[in-house]
Amino acid sequence: MKTVKAEIIAIGDELLYGQIIDTNSHWISQELDLIGVRVVRRTTVGDNRDDILEAFSKAEQRADIVLITGGLGPTQDDLTKPLMAEYFNCPIVEFPEAVEAVTSFFQRRGREITPLNILQGHLPSCCTYVPNEVGTAPGMWFEENNTYWMSMPGVPHEMKKLMTDFVIPKLAELFKLPVIVHQVIKTVGIGESWLADLIRDWENALPSHIKLAYLPSLGHVKLRLTGFGDDQVLLKKEIQNQIDLVYPLIKDYIYGYNDESLESAIGKLLKKSNKTLALAESCTGGYISHLVTSISGSSAYFQGALVPYHNQFKHEILGVSNATLEEFGAVSEQTVVEMSKGIKNLFQSDFGLASSGIAGPDGGTEAKPVGTIWIACAGDGFVETKKLQLTQDRLLNIQLTAVAVLNLLRICFSKK
């Protein structure tokens, strides 16, 4: 089966200047991957005639389909439409149905249409007009030079609508696409190299049509299994069999699959067990609470939180003894043990979680350098603690600590 290759060209100075992040190319790549189209290049180019034409020429040599985003506005710095007309040597003409669509768009919103807006319904004569139901800049489909081209607006929701309603179905008509199945195993609390060591024999025994990719991120490692073939049902079954084989090797680190987040997995555990949670966050400043409450329905298990930055409030509100603070300091195992017990009692929760540390970049000492963090989880009759030695970056330390705290709660479920 022939591999169908695609190239994505994102147009706009604002992308090069870093004023806008190109989320469009990332999303398009994911959608093409799901249908078995291989993205061979993603190019970002500014609003410059020669650079855009060069990008068109090179993409045509590499790809079966070229997907272009951006540069379709009504102003003079929007160059995509005139340059596509130039590249394919065809004039820009009025498309009556496109003009009518733009006019109706403005009328429905009670807005006055300008001559510039009317010009958005003028397109290269060699293109197929693709209606944009949620915006004013039409999509343009070309079949030129043995390559398929689609030009779309840079506005994400407009681009996604055109991709979903037109481009993806069109590609399924034009090409015989392979069946590709992805399954992702999500792990936490183990590094990539350690994980690779645990599953080396299993990985080496994978069949040739199933590939494994390690995808590390902050505190997590995702294992993506990708199967290639002709039968989707069979592929899904084969990949599930491989997951069943590897599960016993790494079950202590698996928290979920595919799109599940650690905070959603924790929420499911709490809901299923009818347990509740409260948080005492010092160095994380409420970030863990933000993650927990980002999950719909978290009110069923999240009791509340405190951010007691100063020792006075660790003592007065959470009951951490002055003797503990004076002898061991705020960043100590002893302090987070008392914080976790105190927050559990204060909010009458089943679990109390606590964090205290030196997030940085200031405040470190020789005994307790920047990145020294203590975390604790108090349950009924036990307290689990862990010391973290993290980085010099404040935000990174906060994010890594949040992952470690949630993972500690996950581990504590075996002790409840």
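The values are calculated or read from the model by the stated rules, or taken from the named source; none is laboratory data. Just so it is clear, the model here is predicted, and its values are computed rather than measured. Ideal geometry is used to build each Cβ from the backbone, glycine not excepted, and the neighbour counts take in all protein chains shown. The protein model used for the area step is the full one, side chains on, heavy atoms only, and it has no ligands, DNA or RNA in it. Shrake-Rupley method; radii C 1.70, N 1.55, O 1.52, S 1.80 Å.
What is the Cα centroid distance between region 303-317 and region 54-128, reported in whole angstrom?
Region 303-317 and region 54-128 have Cα centres separated by 58 Å.
Ignoring ligands, DNA and RNA, please state the percent of accessible area on the chain from carbon and sulfur, probe 1.4 Å.
The value for the chain is 50 percent carbon and sulfur by accessible area.
Return the long-range amide H neighbours of Gly229 (sequence gap of 5 or more, or a different chain), with a cut-off of under 5 Å between placed amide H atoms.
Val179
Across bins of 5 angstrom width beginning at 0, how are the C-alpha pair distances of region 201-323 distributed, in whole percent?
All Cα pairs, binned at 5 Å, distribute as 2, 9, 14, 15, 13, 12, 10, 9, 7, 4, 3, 2, 1, 0 percent.
Mind putting a number on the dipole of the chain about its Cα centre? Charges go on the C-beta only, +1 for Lys and Arg and -1 for Asp and Glu, and I need it in Debye to the nearest 20.
1440 debye
For region 310-324, take each phi angle, set θ = phi - 60°, evaluate the Karplus expression 6.51 cos²θ - 1.76 cosθ + 1.60, and give the result in whole Hz per residue in order, putting x for glycine and proline.
Ordered by residue, 3J(HN,Hα) equals 8, 4, 3, 7, 4, 6, 6, 9, 9, x, 5, 5, 4, 4, 5 Hz.
If you take all C-alpha pairs in region 299-406, what percent of them are over 21 Å apart?
33 percent
Taking the solvent-accessible surface of protein heavy atoms with a 1.4 Å probe, what is the per residue accessible area of the chain in Å²?
49 Å²
Suppose accessible area is computed on protein heavy atoms with a 1.4 Å probe; arrange Glu238, Glu7 from highest to lowest.
Per-residue accessible area, sorted high to low, gives Glu238, Glu7.
In the chain, with Lys and Arg counted as +1 and Asp and Glu as -1 at Cβ, which of these residues, Ser289, Phe175, Thr75, has the Cα nearest the positive end of the dipole, that is, farthest along it?
Ser289
Kindly provide the pair-distance distribution of the chain built from C-alpha pairs, with 20 Å bins from 0 and whole-percent values in order of increasing distance.
Calculated P(r), rounded to whole percents: 22, 38, 32, 8, 0.
Towards the positive end of the charge dipole of region 206-363, with charges on Cβ (+1 Lys, Arg; -1 Asp, Glu), say which of Val221, Leu270, Ser349 has the farthest Cα.
Most positive-ward Cα: Leu270.
Taking 0.36 nm per residue of sequence separation and subtracting the Cα-Cα distance, how much length would be gained by fully extending the chain between Leu174 and Asp13, in nm to one decimal?
54.7 nm is the gain from fully extending Leu174 to Asp13.
Starting from the Cα of Cys126, step 7 Å along the direction of its Cβ; do the same at Thr103; then give the gap between the two resulting points in nm.
It works out to 2.9 nm between the two label points.
For the chain, set up a GNM with springs between Cα atoms under 10 Å and report which of Glu173, Glu158, Glu31 has the largest fluctuation.
Glu173
Average the reciprocal distances over every distinct pair of alpha-carbons in region 1-126, invert the result, and give the Kirkwood radius in Å.
Kirkwood radius, region 1-126: 16.1 Å.
Which log10 I(q)/I(0) values, to two decimals, does region 270-336 give at q = 0.12, 0.27 Å⁻¹ under the Debye formula with one point per Cα?
Here log10 of I(q) over I(0) equals -0.38, -1.11.
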